[in-house]
Amino acid sequence: MGRVCVILKHPDDIYPLMKLKIAARHAEKQIPPEPHWAFCYSMLHKVSRSFALVIQQLPAELRNAVCIFYLVLRALDTVEDDTSIPTDVKVPILTAFHHHIYDCDWHFSCGAKDYKVLMDQFHLVSTAFLELGKSYQEAIEDITKRMGAGMAKFICKEVETIDDYDEYCHYVAGLVGLGLSKLFHASGSEDLASDYLSNSMGLFLQKTNIIRDYLEDINEIPKSCMFWPREIWRKYVNKLEDLKYEENSEKAVQCLNNMVTNALMHVEDCLKYMAALRDPSIFRFCAIPQIMAIGTLALCYNNIEVFRGVVKMRRGLTAKVIDRTKMMADVYGAFFDFSCLLKSKIFWT
């Protein structure tokens, strides 16, 4: 009933939603017949449906490389996120993960639901990885090695300062930006983007996720897994978990707004990166998640619901973004519109 009410309230969502559904079905039919590739693409659809759609639009060779890159890093992230794995077991796996991707016999049982399936059958991802071109393999190995080492570092390190926060986000997302830039360049479609701009693309997305996922992360069992920097939240509460309590609502929103403001510092770099892209499919692949991020931040700003449940863009609006993002002018327009929404929520005193 709730979904019907949303559609009735936004009838112009219907056509983009229909197109999105058709595109999703078409993408699922494009799954290759080879068992290892079939597993990789079907798993991609399960762990990130919207991301799978934009990957499917890439040229075939690059599409395969990005698919495997995503699954390798998703598996690495699954190890990091599983709070039930003892530190003395987790750290060696993270730091050696770049070796495991070459081993068609290696797997490790952890995670839950689809992520557990990914980890249990990881040898199929390795098999597909070994069929990629050498330049793609080298890029994926390099980023996996650097990311695993960074994740291992922060297993035993708290995010105290904003510099720590930027460093952590660099390891788990900025390096994704660097890796994608390497894959784009290896495909011959793009010039190699600067590390600085590539890093900002990842940081903007990661910081948005960290902000949006506060409640899910703070309630993680058996223990919370949080990366809001103490330098920010200690201005408002004594413990990070205090932000979720109703008596701290005003301070929670103030802290949230501080976090959103920090994330917005990367917007200019992201726009510069996207403006330099030449290939239309690579452009859409990069631009759609960035628009989703600025839209999510606009919804989160001044919104106590971040500490009560899930705040995300409605599916119809997501469908519109996917349908209408074709050139840089569309990105500028979307960023302007969401920035205006965010500005309208600022309480001037």
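The values are calculated or read from the model by the stated rules, or taken from the named source; none is laboratory data. A quick note: this is a predicted structure, and the numbers were derived from the prediction, not measured. Counting neighbours? That spans all protein chains shown, and the Cβs are built from the backbone with ideal geometry, glycine included. In case anyone asks, the SASA skips ligands and DNA or RNA and just uses the protein heavy atoms, side chains included. Shrake-Rupley method; radii C 1.70, N 1.55, O 1.52, S 1.80 Å.
At-a-glance table
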quantity: Hits in region 210-228 (condition: within 22 Å of Ile288 (Cβ to Cβ) and either open to solvent by less than 60 Å² (accessible area, probe 1.4 Å) or free of Cβ contacts under 8 Å to residues at least 60 places away in the same chain (or both)); calculated: Ile210, Ile211, Asp213
quantity: Within region 300-314, considering residues that are over 17 Å from the mean Cα position of the chain (by Cα) and open to solvent by 30 Å² or more (accessible area, probe 1.4 Å), the one modelled with the lowest pLDDT; calculated: Arg314
quantity: Conditions (1) open to solvent by 30 Å² or more (accessible area, probe 1.4 Å); (2) hydrophobic (A, V, I, L, M, F, W, C); (3) in contact with a helix residue (DSSP H, G or I) (Cβ under 7 Å, 6 or more places away or on another chain): number failed by Ala276; calculated: (3)
quantity: Among the candidates Glu231, Glu216, Glu220, residue that is more than 19 Å from Phe69 (Cβ to Cβ) and modelled with pLDDT of 95 or more; calculated: Glu231
quantity: Top-ranked residue in region 57-113 [being part of a loop (DSSP other than H, G, I, E, B) and of a type in the set (Ser, Thr, Tyr); ranked as surrounded by the fewest Cβ atoms within 10 Å (Cβ to Cβ)]; calculated: Ser109
quantity: Lys207 being surrounded by 16 or more Cβ atoms within 10 Å (Cβ to Cβ), among the charged types (D, E, K, R) and at pLDDT 95 or above; calculated: yes
quantity: Number of the condition not met by Gly150 [criteria: (1) within 15 Å of Tyr70 (Cα to Cα); (2) open to solvent by less than 60 Å² (accessible area, probe 1.4 Å); (3) part of a helix (DSSP H, G or I)]; calculated: (1)
quantity: Residue that is farthest from Lys272 (Cα to Cα), among those in region 187-204 that are among the acidic types (Asp, Glu) and either open to solvent by less than 30 Å² (accessible area, probe 1.4 Å) or outside any loop (DSSP other than H, G, I, E, B) (or both); calculated: Glu190
quantity: Considering residues of region 114-147 that are open to solvent by less than 30 Å² (accessible area, probe 1.4 Å), assigned to a helix (DSSP H, G or I) and aliphatic (A, V, I, L, M) only, the residue nearest to Val89 (Cα to Cα); calculated: Met119
quantity: Exclusive hit being part of a loop (DSSP other than H, G, I, E, B) and in contact with a Phe, Trp or Tyr (Cβ under 8 Å, 6 or more places away or on another chain), set Asn302, Asn238, Asn248; calculated: Asn302
